[in-house]
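Structure first, commentary second.
Derivation of every value follows stated rules applied to the coordinates shown; laboratory data play no part. Here the structure is a predicted model, which means the values were calculated and not measured. Here Cβ is always computed from backbone atoms with ideal geometry, including for glycine, and neighbour counts include all displayed protein chains.
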Amino acid sequence: MAGNLPIGFDNFRNIREQGRLYIDMTNMMPQILSQKSKVNLYTRPRRFGKSLNLSKLDAFFNLKCPKDNT
């Protein structure tokens, strides 16, 4: 199981395509969208998944991305 951890990954699509483990936080999307703010600031320590979360949001909203059949 430790081999499936996405250590060093910053692209959500690569994590999904390679079958890596991740925490599904899509239930937080309505909370993010309901704020209706122009800018959201996410402050976290380095290596804490900021780029990965942005990549996840991009995959969620990007219509060009093929849908996941799993």
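Check each of the trypsin sites (Lys or Arg not before Pro) in the stretch 1-49 and keep only those in coil by DSSP with at most 12 other C-beta atoms within 10 angstrom; list them in order.
Working: sites: Arg13, Arg16, Arg20, Lys36, Lys38, Arg46, Arg47; in loops: Arg20, Lys36, Lys38, Arg46, Arg47.
Within the stretch 1-49, the qualifying trypsin sites (Lys or Arg not before Pro) (loop, at most 12 other Cβ atoms within 10 Å) are Lys36, Lys38, Arg46, Arg47.
What order do you get for Leu54, Leu41, Leu33 when you list them from fewest to most C-beta neighbours inside 10 Å? List each step's numbers first, then the result.
Details: Leu54 14, Leu41 5, Leu33 9.
Ordered by Cβ neighbours within 10 Å, fewest first: Leu41, Leu33, Leu54.
Could you check the simple spin-label distance between Arg44 and Ile32, using points 7 Å along Cα→Cβ, in nm with one decimal?
Modelled inter-label distance: 1.0 nm.
Dimensions of the stretch 2-61 along principal axes (Cα, Å, largest first)?
Principal axes ranked by extent give 38, 23, 15 Å for the Cα atoms.
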